[in-house]
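The values are calculated or read from the model by the stated rules, or taken from the named source; none is laboratory data. Keep in mind that this is a model prediction, so the values were computed, not measured. Cβ: placed from backbone, ideal geometry, glycine included. Neighbour counts: every protein chain shown.
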Amino acid sequence: MMASAERPGAIEIRSLTKRYGSVIAIDEVSFSVPEGTIFGLLGTNGAGKTTTFKCMLGLARPDAGSVLFNGAALRPEMFQHIAYVPERSALYCWMTGTQHLEFYRRTYTSYDSARAAKLAELFHLDLRKRVGALSKGQQTALAVILAFSIHPKTLVLDEPTSGLDPVHQRQVLDLMIGESSNGTTIIFSSHQIGQVERAAERIAILHDSKVVLEGEVEQLRSNEKIIEAVFDTERPALNGLESDPRVRAISRNGRLIRVFVRRDTELVMRAFAEKQPRSLRMLDQNLEDIFLSAVGGDAAKEAGERDVL
Amino acid sequence: MYYKEALRVGRALFYYAIIVGALTLIGALVHGGQIFVDTSSGSHNDAAKLAHVQLPFSILFVVPSIAAAIFGSIAGISLSTENDGHLEVAWTRPASRVRYALAIFGTDIVAIVAAFALGFAGCWIATAAHGGLRYLVVDPDTGGELARYVLYPMAWFGLCEALTASVRSRGGAFAGFAWPIAFVLLMLDQLPLQPVWHAFFRFINYANPLRYASMTIGASASTDLVNIALPVALTGLSAIAIIGIVLALLQWRRLEA
């Protein structure tokens, strides 16, 4: 099987920049989503995930940069094969679920009514109800049903599990994985890192409007390690380790120091051992660790860390 | 592409038809001898005079036109309604923004004509119920007046679209306030103001649909505030409708979700 990085980019985002007045929403955002893969876009609130999606789909005009779908700029007719589930429901409150399905049936040539009915059953959705009478989670479910019912070649999902219960969240992830195995390219955002870790092959992490990390999840996991050391003294001197380019971040919690290493882990470990800590060990990073070290101080502090450099 | 729009205007027309139906029923049932001619209570002389009364047939267009104009004002916030949280659905259809907007406009225009027709049917029935149809005569201007009174709600539609296309959540308020503002502007045009102000309000009122809504009956009676010749009215109303729609389209193309 071809590694995702070697596959041609179904979506190529190059130096995308968007400003709202003096506020930079996204700044020189670039990444590539290989065809048939699931790509996770992670970031703290306001990092620019939704703006990236809007610029990708022509819903907002970027100030700079370009977006290519299979090598071509977006044209309206391409939406025959692109589905988008926005973060907040954009469905029509006065229309019923059935009317929305009919709306899609008349719009998309690839609409699959059997699949739509099956998905409605899966999500226990009463399609006779008006959207305005549905809960937030049910509205999300309807948006997901509509998106999957057209067998899109590209799926863009902004927080697709928002408001759903854990059972339905899992079903959405399963749907995404199933759709991807059929060749659909999927890009999605989620605050639930566990979901991204489960579904995504590649990720990009947005922080302060910029992409601070991008790559294959497995690759990132194998590259990125945590060196955890306990010293006899409070705040031991680290002698320049803070500015070492191999080190992504350092967190201190009294005598405990955690160093998030992005490469050359063994070398950093050896350098650290010279400082004679009481105990020293190397840990694998999960995606949450990678995310927290990538977004730096604020997020790590929220997660209970202190003094992250 | 038209399915959702057909549903939308279908709902609006349904409620509109209920209101028109109720008003027609009231108009037909209320003892309305006074509306046109009450031969039962008047003197013999009055009845004889009324037998020669002739009213232009186009008088039946006035109320339907005003009602359709109100309908058109409400329909005129259709782009604003899309802009109020639905652009992610509207703009991810396999159609250009302009084509999508034109589908909306086309459906709205058909609905406005239907609203006018419903109102006209209501007026016809109410008038017939009181035996008033025999006093109506079709004159050479009837066709032109029909065009004027159909264009009148279109002008309101175009104006409201232009005013609200880039308004996100208060399109209804904008369209609602457009009516009293239009009345005030027309009144200001009639006041003996300094020439510069008079010229200013005259200019503004070229874009005021009310300016072109006039009906002259006989020598003295008139429903108009400003006497405007029919060709001028047709041109003015058409221009407001078309320019309004073009301005709305330009805004729609530049919008961002």
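Return the only residue of B:I104, B:I66, B:I112 being within 14 Å of chain A (Cβ to nearest Cβ) and either buried (at least 22 other Cβ atoms within 10 Å of the Cβ) or within 18 Å of the chain's Cα centre (by Cα) (or both).
After applying the criteria, what remains is B:I104.
So which residues in region A:48-99 are over 16 Å from A:V156 (Cα atoms) and of a type in the set (V, I, T)?
Within region A:48-99, A:T96, A:T98 qualify.
Restricting to region A:36-61, name every residue that is touching a Gly at 6+ places or on another chain (Cβ under 8 Å) and either farther than 13 Å from A:H191 by Cα or among the β-branched types (V, I, T) (or both).
Matches in region A:36-61: A:G36, A:C55.
Just to verify a result, which residue in region B:75-100, among those that are part of a helix (DSSP H, G or I) and within 21 Å of the chain's Cα centre (by Cα), is nearest to the other protein chains (Cβ to nearest Cβ)?
The extreme case among them is B:T81.
Can you tell me how many residues in region A:29-48 are under 13 Å from A:L16 (Cβ atoms) and either within 14 Å of chain B (Cβ to nearest Cβ) or free of Cβ contacts under 8 Å to residues at least 60 places away in the same chain (or both)?
1
Taking the options A:L213, A:L206, A:L220, name whichever one is touching a residue at least 40 places away in the same chain (Cβ under 8 Å), in a helix (DSSP H, G or I), of a type outside the set (S, T, N, Q) and in contact with a helix residue (DSSP H, G or I) (Cβ under 7 Å, 6 or more places away or on another chain).
So the residue among A:L213, A:L206, A:L220 that is touching a residue at least 40 places away in the same chain (Cβ under 8 Å), in a helix (DSSP H, G or I), of a type outside the set (S, T, N, Q) and in contact with a helix residue (DSSP H, G or I) (Cβ under 7 Å, 6 or more places away or on another chain) is A:L220.
Going by the structure shown, is B:A22 out of contact with any helix residue (DSSP H, G or I) (no Cβ under 7 Å at 6 or more places or on another chain), of a type in the set (G, A, S) and modelled with pLDDT of 65 or more?
yes
Specify which of the listed residues (A:K18, A:K49) is buried (at least 21 other Cβ atoms within 10 Å of the Cβ) and over 24 Å from A:E288 (Cβ atoms).
Only one candidate qualifies: A:K18.
Filter region B:12-31 down to the residues that are aliphatic (A, V, I, L, M) and either surrounded by fewer than 14 Cβ atoms within 10 Å (Cβ to Cβ) or within 20 Å of B:G132 (Cβ to Cβ) (or both) and list them by number.
B:I18, B:V20, B:A22, B:L23, B:L25, B:I26, B:A28, B:L29, B:V30
Does region B:166-173 include one or more residues that are more than 30 Å from B:R253 (Cα to Cα) and more than 21 Å from the chain's Cα centre (by Cα)?
No: region B:166-173 contains no residue that is more than 30 Å from B:R253 (Cα to Cα) and more than 21 Å from the chain's Cα centre (by Cα).
Of all the residues that make up region A:97-122, how many are away from chain B (no Cβ under 14 Å) and surrounded by 20 or more Cβ atoms within 10 Å (Cβ to Cβ)?
Counting residues in region A:97-122 that are away from chain B (no Cβ under 14 Å) and surrounded by 20 or more Cβ atoms within 10 Å (Cβ to Cβ) gives 2.
Taking the criterion of being within 30 Å of A:M282 (Cβ to Cβ), of a type outside the set (K, R) and surrounded by fewer than 22 Cβ atoms within 10 Å (Cβ to Cβ), would at least one residue in region A:151-167 satisfy it? Spell out how you get there, then give the answer.
Of region A:151-167, the ones within 30 Å of A:M282 (Cβ to Cβ) are none.
No, there is no match, as no residue in region A:151-167 is within 30 Å of A:M282 (Cβ to Cβ), of a type outside the set (K, R) and surrounded by fewer than 22 Cβ atoms within 10 Å (Cβ to Cβ).
With the structure loaded, tell me whether A:F231 is aromatic (F, W, Y) and modelled with pLDDT of 90 or more or whether it fails that test.
Working: aromatic (F, W, Y): yes; modelled with pLDDT of 90 or more: no.
Judged against the criteria, A:F231 is not a match.
What number of residues in region A:10-28 are touching a Lys or Arg at 6+ places or on another chain (Cβ under 8 Å) and over 27 Å from A:K153 (Cα atoms)?
Number satisfying all stated conditions: 3.
So in region A:68-96, with the set limited to residues that are more than 8 Å from chain B (Cβ to nearest Cβ) and in contact with an Asp or Glu (Cβ under 7 Å, 6 or more places away or on another chain), which one is surrounded by the most Cβ atoms within 10 Å (Cβ to Cβ)?
A:V85
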